[in-house]
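The values are calculated or read from the model by the stated rules, or taken from the named source; none is laboratory data. Everything quoted here is computed from the prediction, not taken from an experiment. Counting neighbours? That spans all protein chains shown, and the Cβs are built from the backbone with ideal geometry, glycine included.
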Amino acid sequence: MSVRSVLAATFLAALVALPAAPAQAANPYERGPAPTTASIEATSGPFATATTTVARTSSFGGGTIYYPTSTSAGTFGAVAIAPGYTNTQSAVSWLGPRIASQGFVVIVIDTLSVYDFPDSRGTQLLAALDYLTGTSSVRTRIDATRLGVMGYSMGGGGTLAASKTRSSLQAAVPLAPWHSTKTWSTDQVPTLIIGGESDTVAPVSSHAEAFYTSLPSTLDKAYMELNNATHSAPTSPNVTIAKYSISWLKRFIDNDTRYEQFLCPAPTGSAIQEYRDTCPHS
């Protein structure tokens, strides 16, 4: 055998002897099959859900819990959702089963008073999360380290307030948010703000857009302005709101990068007037 053949055989043997590259660890928080546009635009996701009601407490006004019935996938992240000024939970109740069916435990709350202002609503959102993970009948289904908040109007302002108070939250989605505070420079929670182009109650220029601009530039954040949408857009089933809210919650509560495709690059379409973000998130 020639010297060249010997060297080649030795090299090949060395390659075979090399240890295989370790497989990349799977994300333990992924819940459900790989998403498609159709799956996140659908009125219900892959998980069958059930509900249970929560009585009024001293810390929030009660509400309804929506949760996946199966426990075979493990524990789930949880989301608390607050309605707006003068509203009850019914104003945003459509979000409960829609989000829960994608693999979350969701509580849509009533507030102690329909006239509560945003900071109070934020405190109540956190109280609802503490109830979910502490003493609720579904607490064993929840991973208490993976929590998020959502809210509409003053509930959206409360979402920002809750995020500022509890930086350990994984995601926040304020919808048509209203708050007298305009600067949120200390907020550390990944935040998707959704506003309406034709909102005259919480005009985006002084609310949603201003809030987004004030969030730290280093934060994972996005601002979506719905084309021709009024202040009441989040109070009835809305495919665009659901699609991107679910994607945001999946991406940051479940750390599920399979949903990154719907957020980066910036989404476009006839329903979206404007979209800003700090892509890439991954």
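So which of Thr86, Thr71, Thr36, Thr53 is hydroxyl-bearing (Ser, Thr, Tyr) and on the phi > 0 side of the Ramachandran plot? Before you say what the answer is, go through the steps one by one.
Details: Thr71 fails: on the phi > 0 side of the Ramachandran plot; Thr36 fails: on the phi > 0 side of the Ramachandran plot; Thr53 fails: on the phi > 0 side of the Ramachandran plot.
Of Thr86, Thr71, Thr36, Thr53, the one residue that is hydroxyl-bearing (Ser, Thr, Tyr) and on the phi > 0 side of the Ramachandran plot is Thr86.
Is one or more of the residues making up region 224-238 crowded, with 24+ Cβ neighbours inside 10 Å and over 21 Å from Val92 (Cα atoms)?
no
I'd like the full set of residues that are within 16 Å of the chain's Cα centre (by Cα) and farther than 14 Å from Met150 by Cβ, limited to region 47-87.
Correct list: Tyr67, Phe76.
If a residue has to be over 20 Å from Pro33 (Cα atoms) and either out of contact with any Ser or Thr (no Cβ under 8 Å at 6 or more places or on another chain) or part of a loop (DSSP other than H, G, I, E, B) (or both) to count, how many in region 52-74 make the cut?
Number satisfying all stated conditions: 8.
I'm trying to understand the selection: among the residues of region 44-74, which are closer than 23 Å to Asn27 by Cβ and either of a type in the set (Phe, Trp, Tyr) or buried (at least 18 other Cβ atoms within 10 Å of the Cβ) (or both)?
Gly45, Phe47, Thr49, Tyr67, Pro68
Conditions (1) assigned to a loop (DSSP other than H, G, I, E, B); (2) buried (at least 16 other Cβ atoms within 10 Å of the Cβ); (3) out of contact with any strand residue (DSSP E or B) (no Cβ under 8 Å at 6 or more places or on another chain), marked per residue:
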site: Thr240; (1), (2), (3): no, yes, no
site: Ser245; (1), (2), (3): no, yes, no
site: Leu249; (1), (2), (3): no, yes, no
site: Arg258; (1), (2), (3): no, yes, yes
site: Gln261; (1), (2), (3): no, no, yes
site: Ala266; (1), (2), (3): yes, no, no
site: Gly269; (1), (2), (3): yes, no, yes
site: Gln273; (1), (2), (3): no, yes, no
site: Arg276; (1), (2), (3): no, no, no
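Can you tell me which residue among Gly84, Gly77 is buried (at least 24 other Cβ atoms within 10 Å of the Cβ), touching a residue at least 12 places away in the same chain (Cβ under 8 Å), small (Gly, Ala, Ser) and part of a loop (DSSP other than H, G, I, E, B)? Write out each step before concluding.
Values: Gly77 fails: part of a loop (DSSP other than H, G, I, E, B).
So the residue among Gly84, Gly77 that is buried (at least 24 other Cβ atoms within 10 Å of the Cβ), touching a residue at least 12 places away in the same chain (Cβ under 8 Å), small (Gly, Ala, Ser) and part of a loop (DSSP other than H, G, I, E, B) is Gly84.
Considering only region 91-113, how many residues are in contact with a Pro (Cβ under 8 Å, 6 or more places away or on another chain) and either charged (D, E, K, R) or more than 24 Å from Thr140 (Cβ to Cβ) (or both)?
6
Restricting to region 1-51, count the residues that are part of a loop (DSSP other than H, G, I, E, B) and modelled with pLDDT of 85 or more.
So the first thing to find is which residues in region 1-51 are part of a loop (DSSP other than H, G, I, E, B), and the list is 1-2, 18-36, 42-48.
Then keep just the ones that are modelled with pLDDT of 85 or more; that gives 27-36, 42-48.
Adding up the residues that qualify gives 17.
When residues of region 106-127 are filtered for being in a helix (DSSP H, G or I), of a type outside the set (Val, Ile, Thr) and under 20 Å from Trp184 (Cβ atoms), how many remain? It would help to see each step written out before you state the result.
Step one: of region 106-127, the residues in a helix (DSSP H, G or I) are 118-127.
This time we only want the ones that are of a type outside the set (Val, Ile, Thr), so: 118-122, 124-127.
Now drop any that are not under 20 Å from Trp184 (Cβ atoms), which leaves 118-122, 124-126.
Of the residues in region 106-127, 8 are in a helix (DSSP H, G or I), of a type outside the set (Val, Ile, Thr) and under 20 Å from Trp184 (Cβ atoms).
Among the listed residues Ala233, Ala222, identify the single one that is over 13 Å from the mean Cα position of the chain (by Cα) and small (Gly, Ala, Ser).
Ala233
Can you pull out the residues in region 125-154 that are crowded, with 24+ Cβ neighbours inside 10 Å and more than 15 Å from the chain's Cα centre (by Cα)?
Once the filter is applied, which keeps residues that are crowded, with 24+ Cβ neighbours inside 10 Å and more than 15 Å from the chain's Cα centre (by Cα), region 125-154 yields Ala128, Leu132, Ser153, Met154.
Scan region 195-203 and tell me whether some residue there is modelled with pLDDT of 95 or more, crowded, with 17+ Cβ neighbours inside 10 Å, within 16 Å of the chain's Cα centre (by Cα) and within 23 Å of Arg98 (Cα to Cα). Before you say what the answer is, go through the steps one by one.
From region 195-203, those modelled with pLDDT of 95 or more are 195-203; that's our starting set.
From the residues that got through so far, the ones that are crowded, with 17+ Cβ neighbours inside 10 Å too are 195-196, 199, 202-203.
Narrowing further to those that are within 16 Å of the chain's Cα centre (by Cα): 195.
Next, only the ones that are within 23 Å of Arg98 (Cα to Cα) stay: 195.
Within region 195-203, one or more residues are modelled with pLDDT of 95 or more, crowded, with 17+ Cβ neighbours inside 10 Å, within 16 Å of the chain's Cα centre (by Cα) and within 23 Å of Arg98 (Cα to Cα).
Based on what the data block shows, is Ser168 outside any helix (DSSP H, G or I), of a type in the set (S, T, N, Q) and more than 25 Å from Ala100 (Cβ to Cβ)?
Working: outside any helix (DSSP H, G or I): yes; of a type in the set (S, T, N, Q): yes; more than 25 Å from Ala100 (Cβ to Cβ): no.
Criteria not met by Ser168.
Kindly provide the set of residues from region 128-153 that are outside any strand (DSSP E or B) and among the aromatic types (Phe, Trp, Tyr), ordered by number.
Applying the first criterion (outside any strand (DSSP E or B)) to region 128-153 yields 128-141, 153.
The one that is outside any strand (DSSP E or B) and among the aromatic types (Phe, Trp, Tyr): Tyr131.
For a quick check of your reading of the model, give me the residue pairs whose first member lies in region 29-53 and is touching a residue at least 40 places away in the same chain (Cβ under 8 Å) and over 14 Å from Ile99 (Cβ atoms), whose second is assigned to a strand (DSSP E or B) and of a type in the set (Lys, Arg), with beta-carbon atoms closer than 7 Å and at least 6 apart or on different chains.
Cβ pairs passing all conditions: Tyr29/Arg146.
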